[in-house]
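The values are calculated or read from the model by the stated rules, or taken from the named source; none is laboratory data. Because the structure is predicted, anything quoted here is derived from the model rather than measured. Reconstructed Cβ throughout: ideal geometry from the backbone, glycine too, with neighbour counts over all protein chains shown.
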Amino acid sequence: MATANGTARSRAPNGSTANKANDFLDKRVTGTTQAGKNDVSLTSSEEAKSTSNTVNLMICVGGIYASFLTWGVLQERITTTDHSTIPGQREVFKYPVVMNTVQSIFAALLGYIYVRVSRSTPGDLPIYPSKEIVWPLLLVAATGALSSPFGYASLAHVDYITFILAKSCKLLPVMFLHVTLYRKSYPFYKYAVVALVTAGVAIFTLHQSTGGKKKKGAEGNSLYGLMLLGINLLFDGLTNSTQDNIYGRFRPYTGQQMMCALNIMSTAITITYLLLSPYVAATGLGHYVGMDLTKSGGELWDALAFIQRHPAVGWDILGFAFCGALGQVFIFRTLSIFGSLLLVTVTVTRKMLTMIISVLWFGHSLTGMQWLGVGLVFGGIGIEAELSKREKKTKDAGKKKM
(Lines give C-alpha, C1' and ligand atoms only; values in the text may rest on other atoms or scores of the structure.)
Protein backbone atom coordinates (compact mmCIF):
# COMPACT_ATOMS: atom_id res chain seq x y z
CA MET A 1 0.00 0.00 0.00
CA ALA A 2 1.52 3.36 -1.05
CA THR A 3 1.64 6.27 1.36
CA ALA A 4 1.15 9.95 0.60
CA ASN A 5 4.89 10.51 0.09
CA GLY A 6 5.26 7.57 -2.24
CA THR A 7 6.95 5.15 0.16
CA ALA A 8 5.75 1.55 0.44
CA ARG A 9 4.08 0.74 3.74
CA SER A 10 3.57 -2.99 4.35
CA ARG A 11 0.68 -4.39 6.36
CA ALA A 12 2.91 -5.72 9.12
CA PRO A 13 1.89 -6.21 12.76
CA ASN A 14 2.53 -3.47 15.31
CA GLY A 15 6.12 -3.42 16.44
CA SER A 16 7.41 -5.17 13.27
CA THR A 17 10.57 -4.10 11.50
CA ALA A 18 8.56 -2.65 8.60
CA ASN A 19 6.45 -0.45 10.88
CA LYS A 20 9.48 0.72 12.84
CA ALA A 21 11.27 1.63 9.61
CA ASN A 22 8.26 3.58 8.42
CA ASP A 23 7.95 5.40 11.77
CA PHE A 24 11.61 6.33 11.52
CA LEU A 25 11.10 7.61 7.98
CA ASP A 26 8.14 9.72 9.09
CA LYS A 27 10.25 11.30 11.81
CA ARG A 28 13.09 12.02 9.38
CA VAL A 29 10.80 13.70 6.85
CA THR A 30 8.69 15.76 9.23
CA GLY A 31 11.00 16.19 12.17
CA THR A 32 8.07 15.29 14.40
CA THR A 33 5.89 12.33 15.43
CA GLN A 34 2.41 11.63 16.82
CA ALA A 35 1.38 13.31 20.08
CA GLY A 36 -0.78 11.09 22.22
CA LYS A 37 -2.61 13.87 24.10
CA ASN A 38 -3.42 16.18 21.18
CA ASP A 39 -6.10 15.69 18.50
CA VAL A 40 -4.51 14.60 15.23
CA SER A 41 -1.03 16.03 15.14
CA LEU A 42 2.47 15.27 14.05
CA THR A 43 4.37 14.95 17.31
CA SER A 44 4.90 11.74 19.32
CA SER A 45 4.33 11.42 23.07
CA GLU A 46 7.75 9.78 23.46
CA GLU A 47 9.80 12.44 21.67
CA ALA A 48 7.73 15.59 22.13
CA LYS A 49 9.01 16.57 25.57
CA SER A 50 6.82 18.83 27.65
CA THR A 51 9.42 21.63 27.62
CA SER A 52 9.71 21.49 23.83
CA ASN A 53 5.94 21.51 23.46
CA THR A 54 5.65 24.49 25.81
CA VAL A 55 8.24 26.47 23.81
CA ASN A 56 6.50 25.54 20.55
CA LEU A 57 3.16 26.61 21.96
CA MET A 58 4.53 29.95 23.18
CA ILE A 59 6.10 30.65 19.77
CA CYS A 60 2.90 29.70 17.93
CA VAL A 61 0.53 31.65 20.19
CA GLY A 62 2.85 34.68 20.25
CA GLY A 63 3.14 34.61 16.47
CA ILE A 64 -0.64 34.32 16.02
CA TYR A 65 -1.33 37.19 18.41
CA ALA A 66 1.34 39.54 17.03
CA SER A 67 0.45 38.89 13.39
CA PHE A 68 -3.30 39.12 13.76
CA LEU A 69 -3.30 42.12 16.10
CA THR A 70 -1.50 44.07 13.35
CA TRP A 71 -3.72 42.42 10.74
CA GLY A 72 -6.82 43.54 12.67
CA VAL A 73 -5.61 47.14 12.94
CA LEU A 74 -4.96 47.29 9.19
CA GLN A 75 -8.30 45.63 8.41
CA GLU A 76 -10.16 48.21 10.48
CA ARG A 77 -8.25 51.07 8.87
CA ILE A 78 -8.94 49.76 5.36
CA THR A 79 -12.64 49.12 5.92
CA THR A 80 -13.58 52.19 8.03
CA THR A 81 -11.48 55.10 6.70
CA ASP A 82 -13.60 57.60 4.78
CA HIS A 83 -11.75 58.81 1.66
CA SER A 84 -14.53 61.06 0.39
CA THR A 85 -13.84 64.74 -0.18
CA ILE A 86 -17.56 65.50 -0.57
CA PRO A 87 -19.35 66.43 2.71
CA GLY A 88 -22.07 63.98 3.70
CA GLN A 89 -20.95 61.30 1.25
CA ARG A 90 -18.85 58.37 2.52
CA GLU A 91 -16.33 56.56 0.35
CA VAL A 92 -15.08 53.47 2.17
CA PHE A 93 -13.30 50.39 0.80
CA LYS A 94 -15.83 47.51 0.97
CA TYR A 95 -14.36 44.73 -1.13
CA PRO A 96 -13.56 41.86 1.28
CA VAL A 97 -13.13 39.15 -1.38
CA VAL A 98 -10.43 41.22 -3.09
CA MET A 99 -8.65 41.61 0.26
CA ASN A 100 -8.89 37.87 0.93
CA THR A 101 -7.63 37.05 -2.56
CA VAL A 102 -4.53 39.22 -2.14
CA GLN A 103 -3.94 37.61 1.26
CA SER A 104 -4.25 34.07 -0.13
CA ILE A 105 -1.75 34.93 -2.90
CA PHE A 106 0.73 36.16 -0.29
CA ALA A 107 0.08 33.11 1.90
CA ALA A 108 0.58 30.69 -1.01
CA LEU A 109 3.93 32.33 -1.84
CA LEU A 110 5.05 32.43 1.80
CA GLY A 111 3.94 28.82 2.28
CA TYR A 112 5.93 27.73 -0.75
CA ILE A 113 9.03 29.56 0.51
CA TYR A 114 8.52 27.83 3.90
CA VAL A 115 8.33 24.45 2.11
CA ARG A 116 11.48 25.14 0.08
CA VAL A 117 13.45 26.17 3.16
CA SER A 118 12.27 23.06 5.06
CA ARG A 119 13.25 20.59 2.32
CA SER A 120 16.22 18.29 2.85
CA THR A 121 16.23 17.25 -0.82
CA PRO A 122 14.43 18.68 -3.89
CA GLY A 123 11.86 15.86 -3.74
CA ASP A 124 10.87 16.40 -0.10
CA LEU A 125 7.55 17.88 1.03
CA PRO A 126 5.54 17.93 -2.23
CA ILE A 127 2.62 20.35 -2.09
CA TYR A 128 0.18 17.69 -3.36
CA PRO A 129 1.82 14.35 -2.51
CA SER A 130 -1.00 12.21 -3.95
CA LYS A 131 -4.23 12.44 -5.96
CA GLU A 132 -6.23 11.25 -2.95
CA ILE A 133 -5.30 14.31 -0.87
CA VAL A 134 -6.64 16.80 -3.43
CA TRP A 135 -10.34 16.26 -2.67
CA PRO A 136 -10.19 16.74 1.11
CA LEU A 137 -7.93 19.78 0.58
CA LEU A 138 -10.42 21.17 -1.93
CA LEU A 139 -13.21 20.67 0.63
CA VAL A 140 -11.22 22.66 3.22
CA ALA A 141 -10.42 25.42 0.72
CA ALA A 142 -14.07 25.68 -0.37
CA THR A 143 -15.52 25.72 3.17
CA GLY A 144 -12.87 28.21 4.29
CA ALA A 145 -13.62 30.53 1.36
CA LEU A 146 -17.41 30.27 1.77
CA SER A 147 -17.57 30.53 5.57
CA SER A 148 -17.02 34.30 5.92
CA PRO A 149 -19.55 35.41 3.24
CA PHE A 150 -22.29 33.41 4.99
CA GLY A 151 -21.30 34.97 8.33
CA TYR A 152 -21.38 38.51 6.94
CA ALA A 153 -24.69 37.84 5.16
CA SER A 154 -26.25 36.58 8.42
CA LEU A 155 -25.62 39.96 10.11
CA ALA A 156 -28.37 41.48 7.97
CA HIS A 157 -30.88 39.03 9.46
CA VAL A 158 -29.73 38.39 13.06
CA ASP A 159 -28.85 40.81 15.84
CA TYR A 160 -25.23 41.35 16.83
CA ILE A 161 -25.59 39.63 20.23
CA THR A 162 -26.72 36.41 18.55
CA PHE A 163 -23.87 36.68 16.06
CA ILE A 164 -21.08 37.08 18.63
CA LEU A 165 -22.57 34.40 20.88
CA ALA A 166 -22.52 31.95 17.97
CA LYS A 167 -18.95 32.88 17.02
CA SER A 168 -17.88 32.36 20.65
CA CYS A 169 -19.05 28.74 20.37
CA LYS A 170 -16.77 27.72 17.47
CA LEU A 171 -15.25 24.94 19.57
CA LEU A 172 -18.58 23.09 19.64
CA PRO A 173 -19.01 22.43 15.88
CA VAL A 174 -15.32 21.48 15.61
CA MET A 175 -15.68 18.81 18.32
CA PHE A 176 -19.14 17.76 17.06
CA LEU A 177 -17.85 17.07 13.55
CA HIS A 178 -14.78 15.27 14.89
CA VAL A 179 -17.07 12.91 16.78
CA THR A 180 -19.86 12.44 14.21
CA LEU A 181 -18.10 12.72 10.85
CA TYR A 182 -14.65 11.32 11.62
CA ARG A 183 -15.61 9.00 14.51
CA LYS A 184 -13.04 10.48 16.88
CA SER A 185 -13.46 9.94 20.61
CA TYR A 186 -12.27 12.20 23.42
CA PRO A 187 -11.83 11.63 27.14
CA PHE A 188 -14.59 13.20 29.25
CA TYR A 189 -12.40 16.07 30.47
CA LYS A 190 -11.99 17.34 26.87
CA TYR A 191 -15.75 17.84 26.60
CA ALA A 192 -15.78 19.58 29.99
CA VAL A 193 -12.91 21.90 28.95
CA VAL A 194 -14.65 22.82 25.68
CA ALA A 195 -17.84 23.59 27.63
CA LEU A 196 -15.96 25.76 30.16
CA VAL A 197 -13.99 27.71 27.54
CA THR A 198 -17.08 28.23 25.35
CA ALA A 199 -19.15 29.43 28.32
CA GLY A 200 -16.34 31.72 29.49
CA VAL A 201 -15.79 33.35 26.10
CA ALA A 202 -19.54 33.76 25.56
CA ILE A 203 -20.08 35.38 29.00
CA PHE A 204 -17.09 37.70 28.60
CA THR A 205 -18.01 38.74 25.04
CA LEU A 206 -21.71 39.26 25.73
CA HIS A 207 -21.08 41.47 28.75
CA GLN A 208 -18.41 43.45 26.92
CA SER A 209 -20.73 44.13 23.99
CA THR A 210 -23.68 45.22 26.11
CA GLY A 211 -21.56 47.82 27.88
CA GLY A 212 -20.14 49.33 24.71
CA LYS A 213 -21.65 51.04 21.74
CA LYS A 214 -24.22 49.23 19.66
CA LYS A 215 -22.72 47.20 16.87
CA LYS A 216 -23.94 46.93 13.34
CA GLY A 217 -26.50 44.18 12.84
CA ALA A 218 -30.20 43.45 12.45
CA GLU A 219 -32.66 44.40 15.17
CA GLY A 220 -34.01 40.86 15.51
CA ASN A 221 -33.41 37.28 14.43
CA SER A 222 -35.04 35.62 11.45
CA LEU A 223 -35.08 31.92 10.63
CA TYR A 224 -33.19 32.66 7.41
CA GLY A 225 -30.50 34.59 9.30
CA LEU A 226 -30.08 31.77 11.83
CA MET A 227 -29.75 29.33 8.92
CA LEU A 228 -26.97 31.46 7.37
CA LEU A 229 -25.21 31.66 10.73
CA GLY A 230 -25.56 27.90 11.17
CA ILE A 231 -23.98 27.30 7.74
CA ASN A 232 -21.12 29.64 8.73
CA LEU A 233 -20.45 27.64 11.92
CA LEU A 234 -20.82 24.32 10.09
CA PHE A 235 -18.25 25.41 7.51
CA ASP A 236 -15.89 26.57 10.29
CA GLY A 237 -16.19 23.21 12.04
CA LEU A 238 -15.83 21.26 8.79
CA THR A 239 -12.71 23.23 7.88
CA ASN A 240 -10.90 22.48 11.14
CA SER A 241 -12.01 18.86 11.56
CA THR A 242 -11.13 17.98 7.94
CA GLN A 243 -7.69 19.54 8.37
CA ASP A 244 -7.09 17.25 11.34
CA ASN A 245 -8.31 14.28 9.31
CA ILE A 246 -5.89 15.13 6.50
CA TYR A 247 -2.95 15.18 8.92
CA GLY A 248 -4.02 11.78 10.25
CA ARG A 249 -4.63 10.09 6.87
CA PHE A 250 -1.75 11.46 4.84
CA ARG A 251 1.17 11.33 7.24
CA PRO A 252 3.73 12.74 6.89
CA TYR A 253 2.05 15.95 5.76
CA THR A 254 3.25 19.18 7.34
CA GLY A 255 1.67 22.53 8.13
CA GLN A 256 3.73 24.34 5.50
CA GLN A 257 2.59 21.91 2.79
CA MET A 258 -1.06 22.36 3.74
CA MET A 259 -0.71 26.15 3.97
CA CYS A 260 0.66 26.38 0.44
CA ALA A 261 -1.81 23.85 -1.01
CA LEU A 262 -4.91 25.43 0.54
CA ASN A 263 -3.99 28.98 -0.40
CA ILE A 264 -3.37 28.01 -4.02
CA MET A 265 -6.86 26.49 -4.09
CA SER A 266 -8.42 29.43 -2.21
CA THR A 267 -6.86 31.88 -4.66
CA ALA A 268 -8.31 29.94 -7.58
CA ILE A 269 -11.77 29.86 -5.94
CA THR A 270 -11.89 33.57 -5.05
CA ILE A 271 -10.50 34.72 -8.43
CA THR A 272 -13.17 32.61 -10.15
CA TYR A 273 -15.79 34.22 -7.92
CA LEU A 274 -14.52 37.73 -8.66
CA LEU A 275 -14.62 37.11 -12.41
CA LEU A 276 -18.07 35.51 -12.36
CA SER A 277 -19.77 37.60 -9.65
CA PRO A 278 -21.14 40.30 -12.01
CA TYR A 279 -22.95 37.60 -13.97
CA VAL A 280 -24.19 35.84 -10.80
CA ALA A 281 -25.49 39.14 -9.40
CA ALA A 282 -27.36 39.81 -12.64
CA THR A 283 -29.35 36.58 -12.23
CA GLY A 284 -30.79 37.74 -8.90
CA LEU A 285 -29.19 34.85 -6.99
CA GLY A 286 -26.65 37.21 -5.43
CA HIS A 287 -29.36 38.93 -3.38
CA TYR A 288 -29.91 35.78 -1.30
CA VAL A 289 -26.24 35.35 -0.34
CA GLY A 290 -25.61 38.98 0.60
CA MET A 291 -23.92 40.19 -2.61
CA ASP A 292 -23.90 43.94 -3.19
CA LEU A 293 -25.91 44.33 -6.38
CA THR A 294 -25.06 48.03 -6.66
CA LYS A 295 -21.44 47.40 -7.72
CA SER A 296 -21.27 48.50 -11.33
CA GLY A 297 -18.57 46.29 -12.85
CA GLY A 298 -18.16 43.68 -10.17
CA GLU A 299 -16.08 43.72 -6.98
CA LEU A 300 -12.70 43.21 -8.66
CA TRP A 301 -12.92 46.12 -11.10
CA ASP A 302 -14.56 48.45 -8.58
CA ALA A 303 -11.80 47.66 -6.04
CA LEU A 304 -9.07 48.35 -8.60
CA ALA A 305 -10.73 51.66 -9.49
CA PHE A 306 -10.94 52.58 -5.78
CA ILE A 307 -7.22 51.83 -5.25
CA GLN A 308 -6.37 53.86 -8.33
CA ARG A 309 -8.18 56.86 -6.79
CA HIS A 310 -6.65 56.26 -3.34
CA PRO A 311 -3.21 54.54 -3.66
CA ALA A 312 -2.64 54.52 0.13
CA VAL A 313 -5.36 51.87 0.43
CA GLY A 314 -3.36 49.59 -1.85
CA TRP A 315 -0.34 49.75 0.47
CA ASP A 316 -2.55 49.01 3.49
CA ILE A 317 -3.99 45.98 1.68
CA LEU A 318 -0.48 44.68 0.98
CA GLY A 319 0.41 45.08 4.66
CA PHE A 320 -2.85 43.38 5.66
CA ALA A 321 -2.13 40.48 3.30
CA PHE A 322 1.44 40.03 4.54
CA CYS A 323 0.39 40.01 8.22
CA GLY A 324 -2.39 37.52 7.46
CA ALA A 325 0.01 35.27 5.54
CA LEU A 326 2.59 35.42 8.34
CA GLY A 327 -0.11 34.61 10.89
CA GLN A 328 -1.04 31.54 8.83
CA VAL A 329 2.48 30.19 9.23
CA PHE A 330 1.91 30.05 13.00
CA ILE A 331 -1.68 28.82 12.59
CA PHE A 332 -0.69 25.84 10.46
CA ARG A 333 2.25 25.06 12.73
CA THR A 334 -0.13 25.05 15.71
CA LEU A 335 -2.61 22.91 13.80
CA SER A 336 -0.02 20.33 12.74
CA ILE A 337 1.57 20.03 16.20
CA PHE A 338 -1.33 20.51 18.61
CA GLY A 339 -4.51 19.89 16.59
CA SER A 340 -7.59 21.96 15.80
CA LEU A 341 -9.18 22.06 19.27
CA LEU A 342 -6.22 23.89 20.76
CA LEU A 343 -5.95 26.13 17.69
CA VAL A 344 -9.62 27.15 17.91
CA THR A 345 -9.19 27.72 21.66
CA VAL A 346 -6.34 30.14 20.88
CA THR A 347 -8.31 31.96 18.19
CA VAL A 348 -11.58 32.31 20.13
CA THR A 349 -9.76 33.57 23.24
CA ARG A 350 -7.49 35.97 21.33
CA LYS A 351 -10.00 38.83 21.35
CA MET A 352 -10.75 38.30 25.04
CA LEU A 353 -7.06 38.34 26.00
CA THR A 354 -6.48 41.43 23.86
CA MET A 355 -9.27 43.20 25.71
CA ILE A 356 -7.84 42.16 29.10
CA ILE A 357 -4.42 43.56 28.13
CA SER A 358 -6.12 46.80 27.03
CA VAL A 359 -8.02 47.01 30.34
CA LEU A 360 -4.86 46.50 32.39
CA TRP A 361 -2.79 48.88 30.22
CA PHE A 362 -5.26 51.76 30.42
CA GLY A 363 -6.32 51.14 34.02
CA HIS A 364 -9.94 50.28 33.25
CA SER A 365 -11.95 47.64 35.12
CA LEU A 366 -13.86 44.50 34.19
CA THR A 367 -17.39 43.73 35.36
CA GLY A 368 -18.04 40.85 37.73
CA MET A 369 -19.50 38.72 34.93
CA GLN A 370 -16.49 39.40 32.73
CA TRP A 371 -14.17 38.20 35.51
CA LEU A 372 -16.35 35.08 35.74
CA GLY A 373 -15.82 34.52 32.01
CA VAL A 374 -12.05 34.97 32.39
CA GLY A 375 -12.04 32.49 35.29
CA LEU A 376 -13.95 29.87 33.30
CA VAL A 377 -11.63 30.16 30.29
CA PHE A 378 -8.36 29.99 32.20
CA GLY A 379 -9.80 27.42 34.59
CA GLY A 380 -10.71 25.19 31.67
CA ILE A 381 -7.30 25.61 30.03
CA GLY A 382 -5.54 24.93 33.35
CA ILE A 383 -7.60 21.80 33.98
CA GLU A 384 -6.80 20.47 30.51
CA ALA A 385 -3.07 21.14 30.94
CA GLU A 386 -2.95 19.32 34.28
CA LEU A 387 -5.07 16.34 33.20
CA SER A 388 -3.18 16.04 29.90
CA LYS A 389 0.10 15.97 31.82
CA ARG A 390 -1.22 13.19 34.08
CA GLU A 391 -2.53 11.25 31.09
CA LYS A 392 0.86 11.48 29.38
CA LYS A 393 2.68 10.27 32.51
CA THR A 394 0.30 7.31 32.79
CA LYS A 395 0.84 6.35 29.16
CA ASP A 396 4.62 6.69 29.43
CA ALA A 397 4.65 4.56 32.59
CA GLY A 398 2.56 1.89 30.85
CA LYS A 399 4.95 1.79 27.88
CA LYS A 400 7.99 1.42 30.13
CA LYS A 401 6.44 -1.66 31.75
CA MET A 402 5.86 -3.30 28.36
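Summary of values
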| item | result |
| --- | --- |
| Selection status of residue 125, surrounded by 13 or more Cβ atoms within 10 Å (Cβ to Cβ) and not in a helix (DSSP H, G or I) | yes |
| Tally, over the stretch 129-188, of residues that are among the hydrophobic types (A, V, I, L, M, F, W, C), in a loop (DSSP other than H, G, I, E, B) and under 16 Å from the mean Cα position of the chain (by Cα) | 1 |
| Pairs where the first residue, in the stretch 318-340, is on the phi > 0 side of the Ramachandran plot and the second is among the hydroxyl-bearing types (Ser, Thr, Tyr) and in a helix (DSSP H, G or I), C-beta under 9 Å, 6+ apart | 339/247 |
| Flag for residue 156 being closer than 23 Å to residue 349 by Cβ and either among the hydrophobic types (A, V, I, L, M, F, W, C) or at pLDDT 80 or above (or both) | no |
| Qualifying position, being buried (at least 21 other Cβ atoms within 10 Å of the Cβ), among the hydrophobic types (A, V, I, L, M, F, W, C) and modelled with pLDDT of 80 or more, among 321, 305, 312 | 321 |
| Options 339, 327: the member that is of a type outside the set (Ser, Thr, Tyr), out of contact with any Cys (no Cβ under 6 Å at 6 or more places or on another chain), modelled with pLDDT of 85 or more and buried (at least 20 other Cβ atoms within 10 Å of the Cβ) | 327 |
| Selection from the stretch 173-196 of residues that are among the β-branched types (Val, Ile, Thr) and more than 21 Å from residue 230 (Cβ to Cβ) | 193 |
| Within the stretch 144-189, tally of residues that are hydroxyl-bearing (Ser, Thr, Tyr) and crowded, with 21+ Cβ neighbours inside 10 Å | 2 |
| Scope the stretch 66-95; condition surrounded by 14 or more Cβ atoms within 10 Å (Cβ to Cβ), part of a helix (DSSP H, G or I) and either among the polar types (S, T, N, Q) or at pLDDT 85 or above (or both); matching residues | 66, 67, 70, 71, 74, 75, 77, 78, 79 |
| Selected residue (criterion: modelled with the highest pLDDT) from residues of the stretch 282-302 that are under 18 Å from residue 148 (Cα atoms) and of a type in the set (Gly, Ala, Ser) | 286 |
